[in-house]
Amino acid sequence: MNRMYLGRLSENDPLHGYLQYDIQPQVNGSSGRATYRVFRLSGSNDVYLYEDRYTGAKVVGQVFLSSRKRDAEKAAARLTREFDNLCMMRDTG
């Protein structure tokens, strides 16, 4: 899958703290210093890869509600479907 570099995630962005203190410890057991590089993944404008420059840890994030997709009801349905699919994959191993 191709990716396009978009830049560095600002430490002032609320997503930075969420990735650093809530998600990264689950990925690699660390919530230390983090600088995230952001890539848009090919095939969709709504899927992003966040890569910690120090540890190399990578997290994929998907946006369901945005300025391009404004329908909250449809966004909630897409989010629920995606979550259900992830649960099904996890259950099957």
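When you look at Asn85, is it modelled with pLDDT of 90 or more and open to solvent by less than 80 Å² (accessible area, probe 1.4 Å), yes or no? Give the steps one after another, and end with the answer.
Numbers: modelled with pLDDT of 90 or more: yes; open to solvent by less than 80 Å² (accessible area, probe 1.4 Å): yes.
Considered against the rule, which asks whether it is modelled with pLDDT of 90 or more and open to solvent by less than 80 Å² (accessible area, probe 1.4 Å), Asn85 comes out as yes.
Aromatic (Phe, Trp, Tyr) and at pLDDT 90 or above - does that describe any residue in region 43-65? Please lay out each step first, then the result.
From region 43-65, those aromatic (Phe, Trp, Tyr) are 48, 50, 54, 64; that's our starting set.
Restricting the remaining residues to those that are at pLDDT 90 or above gives 48, 50.
Within region 43-65, one or more residues are aromatic (Phe, Trp, Tyr) and at pLDDT 90 or above.
What about Ala72, is it more than 24 Å from Tyr21 (Cβ to Cβ) and either over 10 Å from the mean Cα position of the chain (by Cα) or open to solvent by less than 70 Å² (accessible area, probe 1.4 Å) (or both)?
On the way: more than 24 Å from Tyr21 (Cβ to Cβ): yes; either over 10 Å from the mean Cα position of the chain (by Cα) or open to solvent by less than 70 Å² (accessible area, probe 1.4 Å) (or both): yes.
Here the answer is yes, as Ala72 does meet what is asked.
The values are calculated or read from the model by the stated rules, or taken from the named source; none is laboratory data. Please read these numbers as outputs of a predicted model, since none were measured by experiment. For neighbour counting, all protein chains shown are included, and Cβ atoms are generated from backbone atoms with ideal geometry for every residue, glycine included. Accessible surface areas use protein heavy atoms only, side chains included; no ligands, DNA or RNA. Shrake-Rupley method; radii C 1.70, N 1.55, O 1.52, S 1.80 Å.
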